[in-house]
Amino acid sequence: MARNTESKVFGSEEALAMVEELRATFDCGKTRGLEWRSSQLKALIKLSEEHEKQIVQALHSDLSKSETEAFVQE
């Protein structure tokens, strides 16, 4: 069975909306606090740990990197 996979194109309207949202967030000062930045970095570490296997598989699939190369270089 063939899967119907549709990929959504990220267009200029979506980009403009995202930029406006990010500017509003920055302008209100939310991104400037050390506590907020620290929480974002912790969330990024947690995300990368939770999806480690998928990241390594993607690096192997896209760039033919071994698991060791993925950890050392990426």
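The values are calculated or read from the model by the stated rules, or taken from the named source; none is laboratory data. A quick note: this is a predicted structure, and the numbers were derived from the prediction, not measured. Quick reminder, even Gly has a Cβ in these numbers, built from the backbone with ideal geometry, and neighbours come from all protein chains shown. Areas reflect the complete protein model, heavy atoms only, side chains present, ligands, DNA and RNA absent. Shrake-Rupley method; radii C 1.70, N 1.55, O 1.52, S 1.80 Å.
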**Request:** Grab the Cα-Cα distance for residue 58 and residue 28, subtract it from 0.36 nm times how many residues apart they are, and report the gain in nm with one decimal.
**Result:** 7.2 nm
**Complete:** Once the in-chain neighbours fewer than 8 apart are removed, the lysines whose Cα is under 19 Å from residue 30 read 42
**Asked** Hey, if you drop one equal point scatterer on each alpha-carbon of the chain and run the Debye formula without solvent, what base-10 log of I(q)/I(0) do you get at q = 0.23 Å⁻¹?
**Response** -0.98
**Prompt:** How many nm is it between the label spots at residue 43 and residue 19, if each spot is 7 Å from the Cα in line with the beta carbon?
**Reply:** 2.4 nm
**Complete:** Within the chain, excluding any trypsin sites (Lys or Arg not before Pro) found in a DSSP loop (not H, G, I, E or B) and having at most 13 other Cβ atoms within 10 Å, the longest uninterrupted segment runs 9-74
**Request:** Leaving ligands, DNA and RNA out of it, report the carbon-plus-sulfur percent of the accessible area of the chain at a 1.4 Å probe.
**Result:** 55 percent
**Request:** Provide Rg over Rh for the range 34-73; use the alpha carbon set for both Rg and the Kirkwood Rh (inverse mean inverse pair distance).
**Result:** 1.14
